[in-house]
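Each reported figure results from applying straightforward, stated rules to the coordinates on display, with no laboratory input. None of the values given here were measured: they were computed from a predicted structure. Neighbour counts run over all protein chains shown; Cβ positions are idealised from the backbone, glycine included.
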Amino acid sequence: MINKIIPEDKIQKTKKLIERSENIVITCHVSPDGDAIGASLGLYHFLDSQDKNVNIVTPDLLPSNLLFLKGSRDVVVYTRYQEFAEELIGNADLIFCLDYNTLSRIDRVAKSVSISSAKKIMIDHHLDPENFCDIIISHPEVASTSELVFRLICRMGMFEELNQCASEAIYTGMMTDTGNFTYNSNKPEIYFIIAELIKKGINKDRIYNKVYNTNSVDKLKLNGYAISQKMEIFPEYKAAVITLTQEDLKHYDYQKGDSEGLVNVPLSIEGVIFSTFFREDKDFIKVSMRSQGKFPVNKIASDYFNGGGHLNAAGGEFYGTMDEALCRFKEILPVYAHYLND
Ligand code: 5GP
Ligand code: MN
């Protein structure tokens, strides 16, 4: 048995809302990652098994390494099927908001969700949830939203109904949001849940291969180039930064997701506990940050880069040139130096 983390009244309210609803839409954040898609598909397969009319709407495309998950090709991508997505949201009696805590994280989908009269349930693990849902199941202490979806289904007394498709999706989210169980992953119950998912028929080794061993040659070369030519280390601040400009990306025929995970690499250098990656997008520079220990990258992301996130994994956007972004990064280092000794 696992501990009851989600309050009982929220479980019962959620159960009632699901029972009462016919048309359900699941939404998750822009540039969906393994956890956003894992949680969405986990809940989707569960609700589908309860004969609900359920759809997933994502703000933009799924990364290709998640397309092995059953149901991923039925996801309604807003940028592709805007009208259909708006119709689904407009007709929904219930909307789930998964793996995000503020409407700004669903980008263009925010308008239709905010004006919809549907009941809304947030299931999320980011700090400081905004108050736009009828039920807020927010647990920053839990490593993934997918784990919360598992806990919710169990607590509704529906563990038996959890099928293999849902289990695969949930495992994928738990795996990706912990870097294959290398961070945020020291709670014993995580492994109890994994054991239950394996009993449901998932093959965790296959899932790892599908998610992580699908690199293209260009992707690997881009990452190699970034590390050998575009990484700068600041030993006195235990920090590292990697930059990739539009020109770099073009040279290696960059595809969405090709720099996923790159920001983690400098943390593998002994003595580095703070890593930042700047990638030049069309309209802004995408910022990704990772840290170890108490170094609060979510604070840096919200104070300096119009973003947010978790203590050890955060991101945001910088409006300016790459040189200006680097300048800002270098200014931040001494300001946060006192966290290095904690
Ligand atoms: P990543 O570096 O993988 O893009 O993002 C890591 C984490 O940082 C995400 O799970 C999310 O919590 C947060 N994050 C990334 N980008 C943004 C952003 O633009 N705004 C906010 N508020 N959070 C972000
Ligand atoms: Mn997540």
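GNM remark for the chain: springs join alpha carbons under 10 Å apart, and the peak mean-square fluctuation among Glu280, Glu260, Glu317 falls on Glu260. The simple spin-label model puts a point 7 Å past each Cα toward its Cβ; for Ile115 and Glu247 those points are separated by 4.4 nm.
To one decimal place, what orientation-averaged projected area in nm² is obtained for the convex hull of the Cα set of the range 189-229? Write down the numbers at each step before the final one.
Working: hull surface 16.6 nm².
For the Cα atoms of the range 189-229, the hull's average projected area reads 4.1 nm².
Helical content alone sets the calculated 222 nm signal of the chain at -11500 deg cm²/dmol, taking -39,500 (n - 2.57) per DSSP H segment of four or more residues and averaging over every residue.
Which order do the peptides 81-93, 49-61, 192-204 come out in when sorted by mean C-beta neighbours inside 10 angstrom, highest first?
In descending order of packing, they fall as 49-61, 81-93, 192-204.
Overall, the anisotropy analysis places the range 87-227 in the oblate class: the square-rooted eigenvalues a ≥ b ≥ c of its C-alpha gyration tensor yield a/c not less than 1.5, with a/b not exceeding b/c. Between 0 and 90 degrees, the angle of helix 217-229 with respect to the longest Cα principal axis of the chain falls at about 40 degrees.
Normalised by the number of residues in the range 217-339, what is the relative contact order in percent for Cα pairs under 8 Å and 6+ residues apart? List each step's numbers first, then the result.
On the way: 216 pairs, mean separation 23.4, N = 123.
Rounded, it is 19 percent for the range 217-339.
In terms of its C-alpha gyration tensor, the range 256-299 has an oblate overall shape, because the principal axis ratio a/c (a ≥ b ≥ c, square roots of the eigenvalues) is not below 1.5 and a/b does not outweigh b/c. The residue among Asn203, Met1, Pro188 whose Cα reaches farthest toward the positive pole of the charge dipole of the chain, with charges on the beta-carbon of Lys, Arg, Asp and Glu, is Met1. Under conditions of 20 °C and 1.002 mPa s, the range 78-163 yields 154 µm² s⁻¹ as its translational diffusion coefficient, taking Rh as the Kirkwood radius over Cα pairs in the Stokes-Einstein equation.
If I stretch the segment between Phe132 and Tyr81 completely, what's the gain in nm (0.36 nm per residue apart, minus their alpha carbon distance), one decimal? If you can, show how the numbers build up before the last one.
Working: separation 51, 0.36 × 51 = 18.36 nm, distance 2.46 nm.
Separation in residues times 0.36 nm, less the Cα-Cα distance, equals 15.9 nm.
Kindly list the residues of the range 201-239 that lie in the label zone of Gln292, defined by a backbone N under 20 Å from the point 7 Å along the Cα-to-C-beta vector. Once the point is set 7 Å along Cα→Cβ of Gln292, 227-228, 231-239 turn out to lie under 20 Å by backbone N, inside the range 201-239. Taking the charge dipole of the range 1-126 about its Cα centre, with +1 at Lys and Arg Cβ atoms and -1 at Asp and Glu Cβ atoms, the residue from Val77, Val57, Leu94 reaching farthest to the positive side is Leu94.
Dividing the convex hull volume of the alpha carbon atoms of the range 217-339 by its residue count gives 96 Å³ per residue.
Helix 322-335 against the longest principal axis of the chain: what's the angle in degrees, Cα atoms only, rounded to the nearest 10? In the chain, helix 322-335 runs at an angle near 90 degrees to the longest axis.
Rounding to the nearest 20 debye, state how big the charge dipole of the chain is about its Cα centre with +1 on each Lys and Arg Cβ and -1 on each Asp and Glu Cβ.
For the chain, the charge dipole is close to 540 debye.
Note on Gln164 and Ile5: with the Förster distance fixed at 25 Å, the Cβ-Cβ geometry gives a FRET efficiency of about 0.55.
The mean sequence distance of close C-alpha pairs (under 8 Å, at least 6 residues apart), as a share of the length of the chain, puts its relative contact order at 13 percent. In the chain, inverting the average of 1/r over every pair of distinct C-alpha atoms gives 20.7 Å as the Kirkwood radius. What net charge do the residues around Phe284 carry, taking every other residue with its C-beta under 12 Å from that of Phe284, with Lys and Arg at +1 and Asp and Glu at -1? So the surrounding residues net to -2. Summing charges over neighbours of Gly309, with a neighbour being any other residue whose Cβ is under 10 Å away from its Cβ, gives +2 when K and R count +1 and D and E count -1. According to the square roots a ≥ b ≥ c of the eigenvalues of the Cα gyration tensor, what is the shape class of the range 1-138, taking rounded for a/c under 1.5, prolate for a/b larger than b/c otherwise, and oblate for the remainder? In terms of gyration-tensor shape, rounded. With respect to the chain, whose longest principal axis is taken over its alpha-carbon atoms, helix 82-91 is tilted by about 40°. In this structure, Lys200 and Leu61 have a Cβ-Cβ separation that, at R0 = 35 Å, corresponds to a calculated FRET efficiency of about 0.80. Net charge of the neighbourhood of Asn3, taken over other residues with C-beta under 10 Å away and scored Lys/Arg +1, Asp/Glu -1, is +2.
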